[in-house]
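The structure appears right after this line, and notes come after that.
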Protein chains: 2
Amino acid sequence: MTRFGVLDETLVQLAETAALEAMDDSHTRGERFDFLFVGAQNPDEFTGRSHVSTLLADHLGLVPTGAIRVESGPSSGASAFESGFAFVASGMADLVLVIGVEKMTGVDRSTAVRVVNRMLSQESESRYGATPAALAALMARRYMHDFGLTRDELSQIPVNAHRNGAKNPLAHFQKEITVEDVSNSRIVADPLRLYDCCPTSDGAAAVILASDKRIKELCKKDQSIKVLGIGHATDYLAMQHRQSLTSMNATKIAAERAFKMAGVQSADVDVFELHDAFSILQLVEMEDLGIAEPGKGIKIVLDGCTDIRGETPVNPTGGLKARGHPTGATGVAQIRDIVVQLREIAPKELQVPCPTIGLSHNIGGFGNNIVVSIFSNH
Amino acid sequence: MTRFGVLDETLVQLAETAALEAMDDSHTRGERFDFLFVGAQNPDEFTGRSHVSTLLADHLGLVPTGAIRVESGPSSGASAFESGFAFVASGMADLVLVIGVEKMTGVDRSTAVRVVNRMLSQESESRYGATPAALAALMARRYMHDFGLTRDELSQIPVNAHRNGAKNPLAHFQKEITVEDVSNSRIVADPLRLYDCCPTSDGAAAVILASDKRIKELCKKDQSIKVLGIGHATDYLAMQHRQSLTSMNATKIAAERAFKMAGVQSADVDVFELHDAFSILQLVEMEDLGIAEPGKGIKIVLDGCTDIRGETPVNPTGGLKARGHPTGATGVAQIRDIVVQLREIAPKELQVPCPTIGLSHNIGGFGNNIVVSIFSNH
């Protein structure tokens, strides 16, 4: 993956950098790829670039590969990976390149906000001025009311994210922050402040999927990480139509499907990459994924369980908050970071000790299009 | 599928109409769908609607189905179908809804043109003012030079398309035209005239994919059509980088892959739906698919072989020229029309006599992202 951040590179340059690194790592440069999947949310609006599947197949020298762009909002990356997996599992492909990419900072801030807001319900949300941050604020307020979470407790989430991000050379934000920094940052949507919200980033990540046969031919058995299970679920587009403000049904169902396919359960997972676009989301997700009881997520965060060397490490690479959130790239970056953890090749300070199973959780829309993917190194 | 044309309905209404018709036809309304795939090229720019996969899953009552939008330019529909097929073939899904939809006429003409042109190579084509019609004109001019095709001969292609479209109650254009009408229509890009070019349309089409197991449970064995093979290939984004102006390598490779998977050859196909966005494309495609020798396509058109009751019927429903071309919908409409032919439930005048194998051919970009799908009724 590229570094995430406000970058000079174009969408094509970012995607190429990530893709070529993935090929070099797996010694597949020059191999025939059967398919290219590109996860990107709004390349047209953010960059004026259209038809990115052919564009990237051409730039990467992959013609005449099949090429498809996949979009499911900010879970486009995980959906692209899932699609690549299905093509390999079906026998329609043996070697697939998956790229997640988004170049968001090339347009002015108001355009970026307008484009991202369009994924909300027009009828029930955006027409009343709601933004993703506003919906996250509703969630946080209700969670505080129901479970007694305090503002200072919540601040520990971004503090932890930045602590990990500070050690991650690819993270958008590489500096530590304090609880006071969070409390003193400006309000975005009460009770959420600036440091509760992930940034708008540029970046790309890539992974390569191969069939058992192809892995054997490429002699990459020792380097390869197994996809154990993938689950995908939607919820109602508008938050007001859902069962709960403090739990995401789509996470629960996607996780149930992924765990069933993988034949493992939450307690078996050694490292998690969660979609913490807003601080409150990490707590809700930890609870929906069975890492903590409802309302108890903050306790294990404060106890250090979610730290890199804790019992259930969450977002060792900084998560969306610190690693950054180029929307279409995020899901693939999460998977790349889980793969790096399971191969035990993460930067030393970020490496979770001896993980065998990892899980990534990627949200599209505001909580309505969710993909959970589970991986194993054995 | 809905009627194609300049329609009052919104994108959501069009997609819903097609999807509900597909469900009713297969008695799957109320069944649990594992996945929804939406093929749509530029819903954001054409309609202001984003995140259409969740949006439609919600509107159709399919939550918590997995939902993904698929985009590969104007072949988005076929790519969505192909993705649904891969998910079923992989065992990740047993029942899948595929919707192709585009609402193009809600924006002014110049916006529509600007959006569609973005799929061309910015570096080598659109920056010099090239449009898809201009590229098709280059192709036509070269084809005329190489093979002696005359303007009046070429005019027979749209004449035939309109003759079929006139009998198709769902076609955008339902009136016959003459060779003189084509010759008298205004020049769009010399030598191509208005009637050589498909229209900008609104519309949607839907198909349902099911595993053998699910088809048995639904007792739909007699109604179901088998997917024999799918092939997908890209070519260089810019036409100037390709091998030929009068042949599309991506068609040849996609067809080779599809025929290989299907275990049949071109001569076995009883009905074709080809991507005739411009009249010249039909000839080039017929030749690349092995229906005619290079340069000889026009002969079998003039001989009546491609008529509905000819030896190799092409576009019995009017093709993109007369049925219309709501870009993301086209690929699914082609497949729907092949299915209707193979089930022998087309309107009597459009029905090809006793077909057993059908093929659809959908182009993304200008000839650089092509999907060929082959179907059988036995």
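The values are calculated or read from the model by the stated rules, or taken from the named source; none is laboratory data. Predicted model only: the values in this text are computed from it and were never measured. Every residue, glycine among them, receives a Cβ derived from its backbone with ideal geometry; neighbour counts consider all protein chains shown. The protein model used for the area step is the full one, side chains on, heavy atoms only, and it has no ligands, DNA or RNA in it. Shrake-Rupley method; radii C 1.70, N 1.55, O 1.52, S 1.80 Å.
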### Summary
per DSSP, antiparallel bridges as share of beta bridges in segment A:270-378, % nearest 5, sits at 65 percent
### Task
For segment B:44-198, report the translational diffusion coefficient in µm²/s to the nearest whole number, using Stokes-Einstein at 20 °C, 1.002 mPa s, and a Kirkwood Rh over Cα pairs.
114 µm²/s
#### Entry: Whole-number percent relative contact order across segment A:1-130, with pairs defined as alpha carbons under 8 Å at least 6 apart
30 percent
### Query
Along the Cα-to-Cβ line of residue B:109, 7 Å from the Cα, sits a label point; which residues in segment B:153-193 have backbone N less than 13 Å from it?
B:186-188
### Distance between modelled label sites at residue A:145 and residue B:266, nm, 7 Å Cα→Cβ extension
6.8 nm
### Task
Would you please classify the overall shape of segment B:141-272 from the alpha carbon gyration tensor, given that a ≥ b ≥ c denote the square roots of the eigenvalues, rounded means a/c under 1.5, and beyond that prolate means a/b larger than b/c while oblate covers the rest?
oblate
### Sequence-separation-based contact order of chain A, relative, with Cα cut under 8 Å and 6+ spacing, percent
25 percent
### Message
Please compute one quarter of the surface area of the Cα convex hull for segment B:203-328 and express it in square nanometres.
### Response
9.4 nm²
### Task
Give the span of chain B's Cα atoms along each principal axis, as three whole-Å numbers ordered largest to smallest.
56, 43, 37
#### Entry: Rg to Rh, two decimals, where segment B:317-378 supplies the alpha carbon set and Rh follows Kirkwood
0.98
### Task
Provide, as a two-decimal number, the C-alpha radius of gyration of the protein assembly as shown over 2.2 N^0.38 Å, N being how many residues it has.
0.94
### Message
Please compute the per residue accessible area over the protein assembly as shown with all protein chains in place, 1.4 Å probe, rounded to a whole number of Å².
### Response
34 Å²
### Task
Using DSSP to define loop residues, name the trypsin sites (Lys or Arg not before Pro) in segment A:307-378 whose beta-carbon has at most 11 other beta-carbon atoms within 10 Å.
A:309
#### Entry: Per-residue average of Cβ from other chains inside 10 Å of A:85-93
6
### Where N is the number of residues in segment B:84-147, Cα Rg divided by 2.2 N^0.38 Å
1.75
### Query
If you bin the C-alpha pair distances of segment B:44-122 every 5 Å from 0, what whole percents do you get?
3, 13, 20, 22, 19, 10, 8, 4, 1
### Message
For residue B:146, place a label point 7 Å from Cα along the Cα-to-Cβ direction in every copy; what are the distances to the other copies, in nm, shortest first?
### Response
6.5
### Message
How large a share of the accessible area of segment A:171-223, in percent, is made up of carbon and sulfur atoms when the probe is 1.4 Å and the other protein chains stay in place?
### Response
49 percent
### Task
Pull up the cross-link candidates among the lysines for residue A:226, meaning alpha carbon to alpha carbon under 26 Å and not fewer than 8 places away within one chain.
A:213, A:216, A:252, A:260, A:348
### Query
Anyone know which of B:149, B:14, B:283 comes out most mobile in the 10 Å Cα GNM of chain B?
B:149
### Task
Answer with one residue from B:301, B:312, B:358: the one whose Cα lies farthest towards the positive end of the charge dipole of segment B:246-378, charges on Cβ with Lys, Arg +1 and Asp, Glu -1.
B:358
### DSSP beta bridge pairing in the protein assembly as shown, given as percent antiparallel to the nearest 5
65 percent
### Accessible area that becomes buried as B packs against A, both chains, 1.4 Å probe, Å², nearest 100
4300 Å²
### Message
Per DSSP helix of 4 or more residues, -39500 (n - 2.57); summed, then divided by the residues of chain A. What does that give at 222 nm, rounded to the nearest 500?
### Response
-11500 deg cm²/dmol
### Task
Calculate one ³J(HN,Hα) per residue across segment B:88-98 by plugging θ = phi - 60° into the Karplus curve 6.51 cos²θ - 1.76 cosθ + 1.60, and present them in order as whole Hz with x for glycine and proline.
5, 5, 7, x, 7, 8, 10, 9, 10, 9, 10
### Rg in Å to one decimal, and Dmax rounded to a whole Å, for segment A:184-262 via C-alpha atoms
19.6, 56
### Ordering of B:24-34, B:40-50 by burial proxy (mean other Cβ atoms within 10 Å per residue, highest first)
B:40-50, B:24-34
#### Entry: Value of relative contact order over segment A:126-189, rounded to a whole percent, pairs C-alpha under 8 Å and six or more apart
30 percent
### Query
At residue B:10 and residue A:356, where each label point lies 7 Å from the Cα along Cα→Cβ, what is the point-to-point distance in nanometres?
5.2 nm
### Task
Rounded to the nearest Å, what's the spacing between the alpha carbon centres of segment A:304-340 and segment B:1-53? Just the number, please.
35 Å
### Query
So, with a 1.4 angstrom probe, what is the percent of accessible area on segment A:1-50 that is carbon and sulfur?
44 percent
### Query
Quick one: Cα centre-to-centre distance for segment A:94-167 and segment A:175-251, in angstrom?
11 Å
